[in-house]
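Here the structure comes first, spelled out in structure tokens, and everything after it is commentary.
The values are calculated or read from the model by the stated rules, or taken from the named source; none is laboratory data. These numbers come from a predicted model, not from an experiment. In this analysis, Cβ positions are derived from the backbone assuming ideal geometry, glycine residues included, and neighbour counts consider all displayed protein chains. Side chains are part of the model used for accessible areas, which takes the heavy atoms of the whole protein and leaves out ligands, DNA and RNA. Shrake-Rupley method; radii C 1.70, N 1.55, O 1.52, S 1.80 Å.
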Amino acid sequence: MSTLLIIEQVLNGLQFGVMLFLMAAGLTLIFGVMGLINLAHGSLYMIGAFAAAAVAGLTGSFVLALIAAMAAAAIAGVLVEMLIIRRLYATDHLDQVLATFALILIFSEGTRWLFGSFPLFLNIPDYFSGPVTLPGGIQYPLYRLVLICVGLLVAGALGLFITRTRVGIQIRAGKNDREMIAALGVDISKLYTLIFALGAALAGLAGALVGAIQSVQVGMGEPVLILAFVVIVIGGIGSIKGALIGALLVGLTDTLGGIFLPELFKLFMAPSAAQSSGSALASMAIYILMGVVLIWRPTGLFGARI
Amino acid sequence: MTDPILATHDLQKSFGALKATDGVSIDLLPGEIHAVIGPNGAGKSTLIAQICGGLMPDAGRIDLLGQNVTHTNTRKRAKAGIGRTFQISALAMEDTVLQNVLLGALGASGSPWRFFRPILSDTTLRDKATEALTRVGLQDYAATLTSELSHGQRRQLEVAVALTLKPKAFVMDEPMAGLGAEGSKLLTGFLDALRSEAPILLVEHDMDAVFALADRISVLVYGKIIETGTVDQIRSSQAVREAYLGEGA
Amino acid sequence: MIRERHLNALVLLLLFAVPLWAFFNDAPFTITLATRAVIFALAAVGLNIALGLGGLVSFGHAVFFGIGGYSMGILAHHAQTYTPLMEAPFLIEGTKSMPVIWLVAMVTSAFAALLIGLLSLRTAGVYFIMITLAFGQMFYFFSISWAAYGGEDGLSVYVRNGFPGVNTLVPINFFAICFVILCLVVLLNTLIAKSPFGLALSAARQVPQRVQTVGLDPTRLKLVAFVISGVITGLAGALFADLNRFVSPTMFSWQMSGEIMIFIILGGVARLCGPIIGAVTFVMLEHFLGGLSEYWHIYLGVLLLIIVLFARGGLVGLITGREVAHD
């Protein structure tokens with residue numbers, strides 16, 4: 001097990017983690033402030049990826065593609081919020097789960113109808129492709145490094161936004177007491193739409209960025225959605241910090257687990273059995289992590305203590 | 001000196017820097033109604049929660065019939081003999097009045113681990129439930145959905161559920177809350193007669209009811225009991241006057 | 001407006017009559033479709049005990065559906081390949097006997113539900129939903145990587161399993177077996193709902209602190225409901241695998257969990273026949289709309305949205321004219 005491989009996998013884990021953070025940040029704000037479970041967040045991720053692929057295909061510009069991704073996802077988010085989500089704020093969790101599940105069906109099949117079942121391709125732009133030599137002689141894909149940087153930048157910007165701006169303060173206050181800030185004159189429905197759009201844009205951005213290294217296809221959003229939920233449950237609902245730490249934990253656990261667990265099993269099992277058992281356990285590792293965290297802290301690492 | 005049914009010894013509870021319960025020692029003697037009054041924010045609800053088991057005190061002791069129940073949970077305390085009513089009615093709104101009272105009877109006497117025979121065919125439970133309903137005057141509403149009851153009737157139902165438990169002590173959190181003059185009078189009369197069955201620790205804001213019912217009154221201010229005494233003693237106490245009306249009143 | 005009791009009877013009657021008609025008119029595919037509806041209904045009735053009665057929004061009930069399916073798949077696989085499951089310390093051979101398979105499916109589901117319930121019920125609200133979803137994912141990924149039983153490709157069972165005295169290969173016979181099981185479970189559901197346990201559970205769903213103050217344990221009540229619910233859904237899974245003679249990881253998928261919930265919602269939560277009506281409606285939509293357009297999920301999504309937003313009592317609510325179950 002070479003150090004090079006370990007470092008490479010740690011970086012992969014970080015990259016996976018920050019992309020998860022983009023999804024989780026939106027989700028945790030939406031649930032933390034509006035009390036809404038939004039299963040359709042994965043669809044917004046998918047919409048971002050498809051918009052990016054379409055625009056990149058038309059114009060050849062990656063930057064335009066990213067902007068299109070965020071715009072398309074944000075617009076879809078705003079429409080959905082105004083037409084449907086609004087009616088769900090006062091309902092119980094079951095209704096929210098079902099209504100947003102219905103949205104997944106509509107978005108997924110709608111996208112399949114528009115674009116067909118075959119995956120689209122989004123290419124890493126030339127100026128981001130190829131490996132970069134890191135200190136220590138490690139070769140690592142430049143694009144993945146860019147993703148890590150983008151993710152951390154967004155985390156920083158989001159943190160500043162939440163703590164330093166007026167809207168950010170309204171969001172934090174809204175998390176604690178919705179009725180109070182409405183009574184204080186804050187326009188709740190505009191605030192909610194803004195939060196939803198922000199979360200959607202982040203999801204769309206993530207979809208576009210990841211779409212370049214994986215494929216852009218219908219149903220790509222749901223696995224990420226589920227992971228994002230695991231992240232916010234681990235991190236604590238409503239906490240951006242929790243979302244970041246949770247995302248990094250999940251990213252690293254998944255990536256490193258996939259490498260190390262089979263190796264661990266090889267110590268006392270035949271190689272092929274070790275590989276399959278190790279991989280099996282690795283795929284479950286994140287959920288086991290979540291289970292352990294919830295048993296220790298039923299509301300997550302940084303969630304409200306009850 | 002008779003032994004108290006319920007007693008707290010130097011109860012302490014803080015929420016961060018806020019001391020909600022600061023060395024509270026009160027007791028409940030057999031056959032009495034002991035009222036706990038105090039201005040808003042005094043910590044009455046916190047005290048009730050600790051006595052009934054929803055909240056664990058930081059320090060101090062709670063005894064029920066001589067047994068130390070400080071660290072037992074709500075369920076065990078209910079089984080040990082505490083009959084609680086809630087300030088905000090905690091009733092199953094989708095169920096009928098009878099079903100709510102049956103829940104009390106079920107908890108008190110039966111085991112809930114019966115799956116095959118309808119609960120309505122259990123005459124023992126049914127009788128107990130109907131008896132409690134009759135005592136509070138709701139017997140005609142047995143089949144009514146709880147959501148259709150008036151506020152006053154829901155308060156009556158709260159009491160009925162507590163009755164089925166045949167508790168050793170009642171702990172009532174603002175039973176008069178939201179009742180009009182007529183309702184208050186009726187409930188006051190009812191509680192007056194109830195004390196012979198089991199003593200009542202009564203948290204209340206309605207002073208007419210308190211002065212009419214209480215054998216003893218304890219005044220809770222900022223988590224501390226500033227005075228305990230009879231109605232006349234409390235009425236004429238300078239300390240109490242100051243607590244409610246401010247200095248120089 | 002029709003009374004709910006009459007609607008329940010009507011639904012069961014139709015569900016029995018239609019395949020019978022199909023039998024006499026030589027339309028075996030209709031019988032298979034009806035069997036599919038009955039099995040889905042069974043899974044949904046199972047979930048409804050946790051969801052409707054207990055208020056537990058379990059988004060991972062596919063775990064039990066899959067456990068039931070794989071119980072069947074594994075036992076039948078070993079039987080058809082004449083290899084034992086285990087030789088030491090006990091000799092366990094495969095079996096193709098339905099009653100044995102059902103027993104294994106139900107016991108395994110019960111264990112799983114007990115474990116999952118114990119862990120999950122420490123949480124509430126959205127955390128509960130997520131942790132049940134997570135358990136579903138765990139089993140899903142595990143079954144994909146379990147190459148011995150097909151992994152992602154799944155496992156085929158060549159011949160339908162046997163039931164003493166019945167030729168299970170005949171579609172109407174297998175339908176009858178499933179239908180009888182459904183009726184028995186519906187009866188069980190009715191009894192539970194009216195029993196002392198049902199009353200306590202209903203209260204635990206609505207006012208858990210009240211339940212504590214009368215001396216009962218709401219968490220334990222919910223756990224028992226969860227286990228019963230898992231056992232029934234597990235049985236449905238075993239039957240489903242037998243219907244298709246195939247079991248695969250998709251039985252564990254979150255989409256499957258969502259579908260079981262959809263069956264309940266379409267029909268109406270906490271209604272006796274809600275899950276049945278919902279399952280039948282779903283299968284009919286799947287068949288008819290699916291024949292019209294391969295994008296029929298869009299229509300399903302729209303229908304679901306309409307029901308959640310505007311018709312909270314589901315189809316049963318619309319037909320009986322009442323939002324909440326009454327009789």
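Close amide H pairs (under 5 Å, H built 1.01 Å from N) link B:Val36 with B:Leu202, B:Val203, B:Glu204, B:Ser218, residues at least 5 positions away or on another chain. Using all C-alpha to C-alpha distances in the protein assembly as shown, build P(r) with 20 Å bins and read off the rounded percent in each one. Percent of Cα pairs in each bin: 13, 39, 34, 12, 1. Shown are B:Arg195, C:Arg5, whose ranking by accessible area with a 1.4 Å probe and every protein chain present, most to least, is C:Arg5, B:Arg195.
Note on A:Met70: accessible area approximately 70 square angstrom, rounded to 10, probe 1.4 Å, nucleic acids and ligands left out. Distance between the 7 Å Cα→Cβ label points at A:Leu4 and C:Val159: 5.8 nm.
Entry note, the stretch A:3-296: relative contact order of 37 percent, from Cα contacts under 8 Å with a spacing of 6+ residues.
Rounded to the nearest Hz, the phi-derived 3J(HN,Hα) couplings of the stretch A:140-146 under the Karplus curve 6.51 cos²θ - 1.76 cosθ + 1.60 (θ = phi - 60°) are 9, x, 4, 4, 5, 5, 4, where x marks glycine and proline. Using the Karplus relation 6.51 cos²θ - 1.76 cosθ + 1.60 with θ = phi - 60°, the per-residue 3J(HN,Hα) values for the stretch B:29-45 come to 8, x, x, 10, 10, 10, 8, 10, 10, x, x, 4, x, 6, x, 5, 5 Hz, with x marking Gly and Pro. Put a plus charge on the Cβ of each Lys and Arg, a minus charge on the Cβ of each Asp and Glu, and nothing anywhere else: the dipole of chain A about its Cα centre is then about 560 debye. From the square roots a ≥ b ≥ c of the eigenvalues of the alpha-carbon gyration tensor of the stretch C:88-221, which class results: rounded (a/c under 1.5), prolate (a/b over b/c), or oblate? Judged from the Cα gyration tensor, the stretch C:88-221 comes out oblate (a/c at least 1.5, b/c at or above a/b). For the residues of C:302-311, the average number of beta carbons from a partner chain within 10 Å of their own beta carbon is 5. The convex hull of the Cα atoms of the stretch C:1-117, projected and averaged over all directions, covers 10.8 nm². The mean number of partner chain beta-carbon atoms within 10 angstrom of a residue's beta-carbon across peptide B:98-107 is 5.
Annotation: extensible slack from C:Leu85 through C:Val180 equals 31.1 nm (criterion: 0.36 nm per residue apart, minus Cα-Cα distance).
Distance between the modelled labels on B:His9 and B:Glu197, one decimal in nanometres: 3.2 nm (7 Å Cα→Cβ projection). Label separation (B:Leu120 vs A:Leu58): 6.5 nm, computed from points 7 Å beyond Cα along the C-beta direction.
Accessible surface for A:Phe121 stands near 150 Å², nearest 10, in the context of the full protein assembly shown (1.4 Å probe).
The calculated FRET efficiency for the pair B:Glu131 and B:Tyr244, based on their C-beta separation and a Förster distance of 30 Å, comes to about 0.15. With the biggest extent put first, the Cα atoms of the stretch B:91-166 measure 34, 24, 17 Å across the principal axes. Packing order of peptides B:31-41, A:31-41, highest average first: A:31-41, B:31-41 (average count of other Cβ atoms within 10 Å over each peptide's residues). Let's test the formula: R0 of 35 Å, r as the Cβ-Cβ distance of C:Ile172 and C:Leu115. What FRET efficiency results, to the nearest 0.05? The computed FRET efficiency comes out at 0.35.
Shape call for the stretch B:41-161 from the C-alpha gyration tensor, a ≥ b ≥ c root eigenvalues: rounded (a/c under 1.5), prolate (a/b greater than b/c) or oblate? Judged from the Cα gyration tensor, the stretch B:41-161 comes out oblate (a/c at least 1.5, b/c at or above a/b). Please give the Cα centre distance for the stretch B:78-122 versus the stretch C:92-148, rounded to the nearest Å. A separation of 32 Å, based on Cα centres. Other protein chain C-beta atoms within 10 Å of residue C-beta, averaged over A:276-288: 5. Legend: residues B:Phe86, C:Phe310, C:Phe246, sorted from most to least accessible area (1.4 Å probe; ligands, DNA and RNA excluded), read C:Phe310, C:Phe246, B:Phe86. Residues B:Thr72, B:Thr85 ordered from highest to lowest accessible area at a 1.4 Å probe: B:Thr72, B:Thr85.
For B:Thr144, nonlocal amide neighbours, meaning residues 5 or more places apart or on other chains whose placed amide H falls under 5 Å from its own, are B:Val97, B:Leu98.
Comparing Cα centroids, the stretch A:3-81 and the stretch B:1-73 end up 53 angstrom apart.
Expressed as a whole number of Å, what is the distance separating the alpha-carbon centroids of the stretch C:1-24 and the stretch B:175-249? Using only Cα atoms, the two centres lie 62 Å from each other.
Net charge dipole, the stretch C:200-302: roughly 480 debye, given to the nearest 20, about the Cα centre with Cβ charges of +1 for Lys and Arg and -1 for Asp and Glu.
Tell me, what is the 1.4 Å probe accessible area of C:Phe16, in Å² to the nearest 10? Result for C:Phe16: roughly 90 Å² accessible. Measuring r between the beta carbons of B:Ala181 and B:Glu94 and using R0 = 30 Å, the FRET efficiency lands at 0.45. Here the Karplus curve 6.51 cos²θ - 1.76 cosθ + 1.60, taken at θ = phi - 60°, turns the phi angles of the stretch B:161-172 into couplings of 4, 5, 4, 5, 6, 6, x, 7, 8, 8, 10, 10 Hz, with x standing for Gly and Pro.
For the pair A:Ala273 and A:Ile213, the difference between a 0.36 nm per residue extended length and the Cα-Cα distance amounts to 18.6 nm. Calculated translational diffusion coefficient of the stretch A:3-296 (25 °C, 0.890 mPa s; Stokes-Einstein with Kirkwood radius over alpha-carbon pairs) equals 123 µm²/s. Taking a ≥ b ≥ c as the square roots of the eigenvalues of the Cα gyration tensor, chain C is classed as oblate, since a/c reaches at least 1.5 and a/b does not exceed b/c.
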